[in-house]
Amino acid sequence: MALRNIRYEGDSVLYKTSKEVKEMTPRIKQLIEDMIDTMYEANGVGLAAPQVGVLRRIVVIDVGEGPKVFVNPRILEASGEQTGEEGCLSVPGKSGVVTRPNYVKAAALDENMQPFEIEGTELFARAMCHEFDHLDGHLYVEKVEGELHDVSYESDDEEYEEE
Ligand code: NI
């Protein structure tokens, strides 16, 4: 297991646009494995490559059904609306209210560069939107309604805490 250092708000790498992955290499496979390890170690439900300092369009998400790898993801459809708490491993100890689509359909490549499509609602839809935004240099704090607040560790299960 190899952990990578998580980059925090203010680090310039988080505000840049990531590059598409053209081919799977041993180095990128290792990155993906490390991202999954790093996500679990931090008790996160999602992590994007720029959060570990690599400007590649790669995201990992686990909303409780095992790790899902997204290479070069894009949103095909989004509908509905959900408003709720969101957090980010790159903004530790904070959360804020963000409105996102309640349904998202995405297309991506898996860790073997095989294309797939996936649909998600609620937490999974929120996680995809949040993580894909990282690939374009956007943090959820730009979208927060009202103020960021300190995370309450008594928060309920509905909350999306990337950390
Ligand atoms: Ni995040």
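The values are calculated or read from the model by the stated rules, or taken from the named source; none is laboratory data. Note that this is a predicted model, so its numbers are computed, not measured. Virtual Cβ from ideal backbone geometry, glycine too; neighbours counted across all protein chains shown. To get the accessible areas, we keep the full protein, side chains included, count just its heavy atoms, and leave off ligands, DNA and RNA. Shrake-Rupley method; radii C 1.70, N 1.55, O 1.52, S 1.80 Å.
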Rg/Rh (Cα only; Kirkwood hydrodynamic radius) as it applies to the stretch 81-154:
1.02
Please give the charge dipole size of the chain, origin at the Cα centre, charges +1 on K and R Cβ atoms and -1 on D and E Cβ atoms. Round to the nearest 20 debye.
1080 debye
Heavy-atom accessible area with a 1.4 angstrom probe orders F124, F70, most exposed first, as F124, F70
Relative to the longest principal axis of the C-alpha atoms of the chain, give the angle of the C-alpha long axis of helix 122-135, reported between 0 and 90° and rounded to the nearest 10°.
60 degrees
Note, L135: beta-carbon cut-off 13 Å, +1 each Lys/Arg, -1 each Asp/Glu, net +1
Which entries in the list K16/K68; K22/K143; K19/K143 go over 29 Å, if you measure between the two C-alpha atoms of each?
K22/K143
Quick one: angle between helix 26-41 and the longest Cα principal axis of the chain, in degrees between 0 and 90, rounded to 10, please.
20 degrees
Inverse mean reciprocal Cα-Cα distance (Kirkwood Rh) of the stretch 5-115, Å:
14.9 Å
How much length is gained on full extension from Y8 to A78, taking 0.36 nm per residue of separation minus their Cα-Cα distance?
22.4 nm
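When the helices in the chain are scored as -39500 (n - 2.57) per DSSP H run of 4 or longer and the sum is shared across all residues, what 222 nm value do you end up with, to the nearest 500 deg cm²/dmol?
Calculated mean residue ellipticity at 222 nm is -6000 deg cm²/dmol.
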